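Note sheet for the following structure.
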Amino acid sequence: MIDIHCHLLPGLDDGPATLDEALALAGALVADGITHVVATPHVFPGRFDNRRSGIGPAAQALQQALAQAGLPLQLRWAGEVRLAPEALDLLGAQELPWLGDAAGLRTLLLEMPDNQVPLGALAFVGALQRQGITPVL
């Protein structure tokens, strides 16, 4: 079983606050039959200011801790990117964490604001697609 949307990295968003909590969550994932997980912390400018350059090292540290704890969980990382104008700035700075990147095609886990699809969402998605990015909602 593979989980492609999990808030597992400690201290980055509303997921586990500590490494011990992250390891406990990882243990529960393994107990439920999950073998691979994609950690997708929120990328929500102004609330969770995560970017590619910070998520990668956090994921590497957790992968080492998983190995030391003997937890057989394969960890990959991306981000859950909030639909916000600042996301385009992160795109320009090459700081968006991709869900996937193969043959020049990038996939982005895109989060809509709570309880609404905002005006301009379709234009935002179109702008991503014109740049070779497929959003996954």
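In order along region 106-122, the phi-based Karplus estimate (6.51 cos²θ - 1.76 cosθ + 1.60, θ = phi - 60°) of 3J(HN,Hα) comes to 10, 10, 10, 7, 10, 9, 7, x, 4, 6, 7, 10, x, 4, x, 4, 5 Hz; Gly and Pro are listed as x. Beyond 16 Å, the tail of the calculated P(r) for region 63-102 holds 53 percent of the Cα pairs. Across region 83-88, rounded Karplus estimates of 3J(HN,Hα) from the backbone phi angles (6.51 cos²θ - 1.76 cosθ + 1.60, θ = phi - 60°) give 5, 7, x, 5, 4, 5 Hz, Gly and Pro being marked x. When each of the peptides 120-127, 59-66 is scored by how many other beta carbons lie within 10 Å of its residues on average, the order from highest to lowest is 59-66, 120-127. Taking amide H positions as modeled 1.01 Å from N, with prolines and chain starts lacking one, the residues under 5 Å from Cys6 and 5 or more places away or on another chain are Val38, Thr40.
Over region 38-114, the hull volume per residue, using the convex hull of the C-alpha atoms, is 104 Å³. Which of the following values of Rg/Rh (Cα atoms, Kirkwood Rh) was calculated from the structure shown: [x] 0.99; [y] 0.96; [z] 1.05? Step by step, Rg/Rh (Cα atoms, Kirkwood Rh) for this structure corresponds to label [x]. Placing unit charges on the Cβ atoms of the charged side chains and taking the dipole of the chain about its Cα centre, the candidate lying farthest along the positive direction among Ala78, Thr35, Leu19 is Ala78. Backbone phi angles across region 54-66, fed through the Karplus curve with coefficients 6.51, -1.76 and 1.60 (θ = phi - 60°), yield HN-Hα couplings of x, 5, x, x, 5, 5, 4, 5, 5, 4, 5, 5, 4 Hz in residue order; Gly and Pro are listed as x. Carbon-plus-sulfur accessible fraction, the chain (probe radius 1.4 Å, protein heavy atoms only): 55%. For Thr134, the residues whose amide H sits under 5 Å from its own are Arg106, Thr107, Leu108, ignoring neighbours fewer than 5 places away on the same chain, with H placed 1.01 Å from N.
Computed from the Cβ-Cβ distance with R0 of 22 Å, the FRET efficiency linking His5 to Ser53 stands at 0.55.
Evaluated at q = 0.12, 0.17, 0.22 Å⁻¹, a Debye calculation over the C-alpha positions of region 1-67 (equal weights, vacuum) places log10 I(q)/I(0) at -0.28, -0.56, -0.92. Between the beta carbons of Gln74 and Val117, assuming R0 = 35 Å, the FRET efficiency works out to 0.55 to the nearest 0.05.
For the chain, the dipole from Cβ point charges (+1 on Lys and Arg, -1 on Asp and Glu) about the Cα centre works out to 420 debye, to the nearest 20.
Between Ala61 and Ala102, the modelled label-to-label distance comes to 3.1 nm, taking each label 7 Å out from Cα in the direction of the beta carbon.
On the basis of the beta-carbon distance and an R0 of 35 Å, Ala93 and Val136 show a calculated FRET efficiency of 0.95. Distances between placed amide hydrogens fall under 5 Å for Asn50 paired with Phe44, all partners being 5 or more residues away or on another chain.
The values are calculated or read from the model by the stated rules, or taken from the named source; none is laboratory data. Keep in mind that this is a model prediction, so the values were computed, not measured. Quick reminder, even Gly has a Cβ in these numbers, built from the backbone with ideal geometry, and neighbours come from all protein chains shown. Keep in mind that these areas ignore ligands, DNA and RNA; they rest on the heavy atoms of the full protein, side chains included. Shrake-Rupley method; radii C 1.70, N 1.55, O 1.52, S 1.80 Å.
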